[in-house]
Protein chains: 2
Amino acid sequence: MKNVVLIGIGLIGGSMVKDLKKLHPETTIIGVDKNPDHINQALASQLIDEKGDINVVKQADVVILSIPVDASVKMLPEILDLIQDDALVIDVGSTKQDICKAVEQHPNRRNYLAAHPIAGTEFSGPQAAINDLFRGKTNIICDVEKTAFKLQEKALSIFADLGMRIRYMNPESHDKHIAYVSHLSHISSFMLGKTVIEKERNERDIFDMAGSGFASTVRLAKSSPDMWTPIFKQNKSNVIETLEEYITNLNQFKKLLELDDFEAIFNEMKNTNRIKDILKGIA
Amino acid sequence: MKNVVLIGIGLIGGSMVKDLKKLHPETTIIGVDKNPDHINQALASQLIDEKGDINVVKQADVVILSIPVDASVKMLPEILDLIQDDALVIDVGSTKQDICKAVEQHPNRRNYLAAHPIAGTEFSGPQAAINDLFRGKTNIICDVEKTAFKLQEKALSIFADLGMRIRYMNPESHDKHIAYVSHLSHISSFMLGKTVIEKERNERDIFDMAGSGFASTVRLAKSSPDMWTPIFKQNKSNVIETLEEYITNLNQFKKLLELDDFEAIFNEMKNTNRIKDILKGIA
C-alpha cells in the first residue's frame, strides 16, 4: 500500500488514515478536499503527507471517499474512470442504495467496495480525527460480491487494521434499518434541541437546569448539516416511515397522559427498559 | 451533624450520603427503605450504618427524602410531624409544585427545604450510588424563604460539601422549565427506544448496526419507571405542553422532507447546532 488517497478530510476519513499511517508509516497519505482550510490543517497536523486534486487517484492503491453522500454519488463514477487496474475504492457514506446504483453498470465496478463504518462523534472536520475511532465498531459492507475478490481481501485487511467487526448486507436493507438505528436518532435529537431552544430563547440561564441526561439526548443535534441534509434526502422514504412511527408513539404517550392512564405509561417505560440488554456492549 | 436519616436508598440519596460519610465519618447514616433488599445491600456495602423505620426521624439532625415524588408528597407531612425542633428535612425530587403545596400550611414548614439536584445516571438502586455525583452540578432550591434561616445555612453547607452550584426558583417556574430540559428528553428517549424495538423485534442482530449516537440518544430509556411515572403524573400539564411542541416540530420536519425542501432542512439543523455553545460545560 504505497499511496492512499483520502477524498474528504474529516472525522471519518481523517480517523481512518490516522490509524493506517500509524500502522504503515511507509504509506503516503494524499489528501483531497475542496476546503483549503481542511487541507492546511491536515498538512499542519501531519494527518496527510501531501495534498492533491482528483487526478491523484490515478496513482492511488487505495482511495477512501468520505464526503457528503450526494457528492459521493457524483464523484465515485469519475474516480472509477481514472484509477489504476488494481486500485481499491472504498466509500464510507451513511446511505448505500443510491451510490451502489450509480456505479452498477460502471466498467470498473469491481474496483469499488461499499462500506458504512458505524462510528463517529458529533464533531467534524480534520481536527475531529482521532485514533482508534473504529476499534470494536461494526462496519457494514454492501454488495460485497460485486467487488473483485483480491480487492475484498485488501479492504478486509484495512478494516482489520482498524479493528472493525464486519457485517454484510444488501444496500436496500442497510438503508431501511439504518434509518431506525441512526437517522431517526438524529432527527429526534435535532428537534428536541429545537423545541427547547425555541421555548427558552429569552431565558438563557434556564440551561443551567439542564443535566447530563439532556446533554446526552441532544448530543446528535451538534452534527453537521452538510453531512446530514444529503443523507435525509437520499434516504427520504425510509426516514419518513421511521418519523411517522415515532410521532405515532409520541402521540399515543401524550394521549395516555391526557387520559391519566399512568399504569399504561408505567408499562410503556418498563417494556422499553429492555433497551438496556439490547444495547449491552455499545458505548 | 450526628444522625442523618436517608429515606429511599437509591442513586440520588445513596450518592449524597456516600459523599457526606466520607467528609464526616463521625456522622451515623440511618437508612429507611421499603425494599428489604435495598436495606441489606446498603448495610453490606456500608453505604448506611444502621437501618430504621419512619420513627427514626425523631432522632435525626438531617433527613434526606429521596423516594418517588408521589410517595414524597404523602410522607413529607408525616416526617414533619415527628421531627425534632431543629431538624432539617430536604427532599430531592424532580417536581416541586405538589410537594411544596402539600406542606404549605404545616406548622413545621420552616424545617423543610425543597431541592432538586440536577444530577444522575440512568441506573437506580443503592448499588448505583457513587461518590462525587453532584460535584459541579446545579441544585435548584425552591421557596427558600419558607425555610428557617439557620436550616438554610445547614442545607447550604451540605450542598457545599457535595460541590453543588445553587440556583433559586419558585416551584411553578421549576416545574415548567424542567419539563423542557429534563422530562421531555426522557419521553423522547423512551419513545425512540420503543419505535426501534417494535420495528426490529424480529431482527435482533439489527442492533449490531446501532452506534454510539443511538446509544446516547436512548440512554434515558433505561431510567426507572417507578421514579418517572409519578413525575409525569405530577407535572402532567407542563409535560403535555412540551410534548405538543416537540410533536409539532417533528411533523414540520417530516413535511419539509415530503416537500423536498432540503434547504429548509439544512437551516433547521444549522440553527439547532447552537446547542453546542448552549451546552458548553455540561457533561
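The values are calculated or read from the model by the stated rules, or taken from the named source; none is laboratory data. The model shown is predicted, which means the values in this text are computed figures rather than measured ones. Every residue, glycine among them, receives a Cβ derived from its backbone with ideal geometry; neighbour counts consider all protein chains shown.
Tell me, please, whether a residue that is more than 7 Å from chain A (Cβ to nearest Cβ) and crowded, with 19+ Cβ neighbours inside 10 Å can be found in region B:244-258.
Looking for residues that are more than 7 Å from chain A (Cβ to nearest Cβ) and crowded, with 19+ Cβ neighbours inside 10 Å, one finds none in region B:244-258, hence no.
Would you be able to tell me the number of residues in region A:147-156 that are small (G, A, S) and either in a strand (DSSP E or B) or surrounded by fewer than 20 Cβ atoms within 10 Å (Cβ to Cβ) (or both)?
Going through region A:147-156, the residues small (G, A, S) turn out to be A:148, A:155.
Pick out the ones that are also either in a strand (DSSP E or B) or surrounded by fewer than 20 Cβ atoms within 10 Å (Cβ to Cβ) (or both) and you get A:148.
Residues meeting the conditions: 1.
Just to verify a result, which residue in region B:225-243, among those that are hydrophobic (A, V, I, L, M, F, W, C) and facing chain A (nearest Cβ under 7 Å), is nearest to the chain's Cα centre (by Cα)? Walk me through how you get there before you give the answer.
Our first condition is that a residue be hydrophobic (A, V, I, L, M, F, W, C); within region B:225-243, this holds for B:227-228, B:231-232, B:239-240, B:243.
Narrowing the set further to residues that are facing chain A (nearest Cβ under 7 Å) leaves B:228, B:232, B:239-240, B:243.
Numbers: B:W228: 9, B:F232: 12, B:V239: 15, B:I240: 19, B:L243: 20 Å.
Per the stated criteria, the residue is B:W228.
Hey, A:K270 hits all of (1) among the basic types (K, R); (2) in a helix (DSSP H, G or I); (3) more than 7 Å from chain B (Cβ to nearest Cβ) but one; which does it fall short on?
All conditions pass for A:K270, except number (3).
Using beta carbons and a limit of 6 Å, which pairs, at least six apart or on different chains, have the first residue in region B:28-43 and part of a strand (DSSP E or B) and the second one modelled with pLDDT under 95 and surrounded by fewer than 23 Cβ atoms within 10 Å (Cβ to Cβ)?
Within 6 Å, no pair qualifies.
Among the numbered conditions (1) surrounded by fewer than 23 Cβ atoms within 10 Å (Cβ to Cβ); (2) more than 26 Å from A:K236 (Cβ to Cβ), tell me where A:L88 comes up short.
With (1) surrounded by fewer than 23 Cβ atoms within 10 Å (Cβ to Cβ); (2) more than 26 Å from A:K236 (Cβ to Cβ) applied to A:L88, the lone miss is (1).
Quick check on region A:153-167: of everything there that is touching an Asp or Glu at 6+ places or on another chain (Cβ under 9 Å) and at negative phi, which residue is farthest from the other protein chains (Cβ to nearest Cβ)?
A:K154
Within region B:97-121, take every residue that is within 12 Å of another protein chain (Cβ to nearest Cβ) and surrounded by 21 or more Cβ atoms within 10 Å (Cβ to Cβ) and give me the one that is modelled with the lowest pLDDT.
We begin by selecting, within region B:97-121, every residue within 12 Å of another protein chain (Cβ to nearest Cβ); these are B:116-121.
Remaining after also requiring surrounded by 21 or more Cβ atoms within 10 Å (Cβ to Cβ): B:116-120.
Details: B:H116: 97, B:P117: 97, B:I118: 95, B:A119: 93, B:G120: 88.
Checking each candidate, the answer is B:G120.
State whether the residues of region A:244-262 include one that is over 20 Å from the mean Cα position of the chain (by Cα), at pLDDT 95 or above and of a type in the set (S, T, Y).
Going through region A:244-262, the residues over 20 Å from the mean Cα position of the chain (by Cα) turn out to be A:244-262.
Still in the running and at pLDDT 95 or above: A:244-262.
Add one more test, that the residue is of a type in the set (S, T, Y), and what stays is A:246, A:248.
So far as region A:244-262 goes, yes, one or more of its residues are over 20 Å from the mean Cα position of the chain (by Cα), at pLDDT 95 or above and of a type in the set (S, T, Y).
Is it the case that region A:71-85 has a residue that's touching a Leu at 6+ places or on another chain (Cβ under 8 Å) and within 22 Å of B:M209 (Cβ to Cβ)? Step through it out loud before you land on a result.
Looking only at region A:71-85, we keep the residues that are touching a Leu at 6+ places or on another chain (Cβ under 8 Å), and these are A:72, A:75-76, A:79.
Adding the requirement that they be within 22 Å of B:M209 (Cβ to Cβ) leaves A:72.
Checked against the condition, which is being touching a Leu at 6+ places or on another chain (Cβ under 8 Å) and within 22 Å of B:M209 (Cβ to Cβ), region A:71-85 yields at least one hit.
Inside region B:185-207, can you point out the residues that are modelled with pLDDT of 90 or more and of a type in the set (K, R)?
Passing the criteria: only B:K194.
Of (1) within 30 Å of B:R135 (Cα to Cα); (2) within 7 Å of another protein chain (Cβ to nearest Cβ); (3) surrounded by fewer than 22 Cβ atoms within 10 Å (Cβ to Cβ); (4) charged (D, E, K, R), A:E198 satisfies all except one. Which?
(2)
Can you name the condition, by its number, that B:S185 falls short on among (1) surrounded by fewer than 22 Cβ atoms within 10 Å (Cβ to Cβ); (2) at the interface with chain A (Cβ under 7 Å from one of its Cβ atoms); (3) closer than 22 Å to B:L279 by Cα?
(1)
I'd like to check something: does region A:169-180 contain any residue that is surrounded by fewer than 17 Cβ atoms within 10 Å (Cβ to Cβ), at pLDDT 95 or above and not hydroxyl-bearing (S, T, Y)?
For region A:169-180, residues surrounded by fewer than 17 Cβ atoms within 10 Å (Cβ to Cβ), at pLDDT 95 or above and not hydroxyl-bearing (S, T, Y): present.
Does B:A215 satisfy the condition of being surrounded by fewer than 22 Cβ atoms within 10 Å (Cβ to Cβ), over 17 Å from A:S173 (Cα atoms) and at the interface with another protein chain (Cβ under 7 Å from one of its Cβ atoms)?
Details: surrounded by fewer than 22 Cβ atoms within 10 Å (Cβ to Cβ): yes; over 17 Å from A:S173 (Cα atoms): yes; at the interface with another protein chain (Cβ under 7 Å from one of its Cβ atoms): yes.
Considered against the rule, which asks whether it is surrounded by fewer than 22 Cβ atoms within 10 Å (Cβ to Cβ), over 17 Å from A:S173 (Cα atoms) and at the interface with another protein chain (Cβ under 7 Å from one of its Cβ atoms), B:A215 comes out as yes.
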